1. Run through all the Cα pairs of segment 108-151 and give the fraction in each 10 Å bin from 0, expressed as whole percent.
2. Return a single number: how many Lys pairs in segment 1-144, at a sequence separation of 8 or more or on separate chains, have alpha-carbon atoms below 23 angstrom apart.
3. Could you work out how far helix 125-148 tilts from the main Cα principal axis of the chain, as a 0 to 90 degree angle to the nearest 10?
4. From the convex hull of the Cα coordinates of segment 33-102, what is the mean projected area in square nanometres?
5. In what order do MET78, MET37 fall by count of nearby beta-carbon atoms within 10 Å, going from fewest to most?
6. Counting only Cα, what are the radius of gyration and maximum Cα-Cα distance Dmax of segment 3-148, in Å?
7. For labels at HIS103 and ASP19 in the simple 7 Å Cα→Cβ model, what's the distance in nm?
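No value in this document is a laboratory result; all are computed from the given coordinates. Keep in mind that this is a model prediction, so the values were computed, not measured. Cβ sites come from the backbone with ideal geometry, for glycine too, and all protein chains shown count toward neighbours.
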Amino acid sequence: MPEFESRVTLPHKAEEVFDFLIRPAHLLQLIPPDAGMEVLNVPEVLELGSRLEFKITGFGQTLKLRHEVTELIAPTKMTETQLFGLFKTWTHEHVIEPDSDGHVTLIDRIEFQPPGGLLGFVITKGKVLEQLDWVFDQRNQQIRKMLERPT
């Protein structure tokens, strides 16, 4: 199964980063505007069992996605699993690893299986990984900026 991983080191405590991540309003601001994603339904704060519904336009398709928070271990881990959507499978793990300097590394791991059928000829493993590289490069720059803003 294809895997993607992104890492960003942040000068914050694990609790601060975790609190940031469990608030979909923050996460939505991390998505590049031209990523083709529209939110349909998300809770104010994520908890175990929370469901997130999106509409995504890309690769010439518009599809609805539904994810569920299937693991939540404060303040170090959250996992979202696709219930319905574009891919055969999609699991996104957010891991927060503190270091001895009081910083954390935010690790995003995604395992997926591209769609099958005719759509699989367009949405290939390589194209998905290329898109994820671009999205997470933008996202990591934005998360640094947002966490530096005074609240």
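1. 24, 36, 23, 13, 3
2. 10
3. 30
4. Result: 6.2 nm².
5. MET37, MET78
6. My reading of the Cα-based Rg and Dmax gives 15.1, 50 Å.
7. Rounded to a tenth, the inter-label distance reads 2.2 nm.
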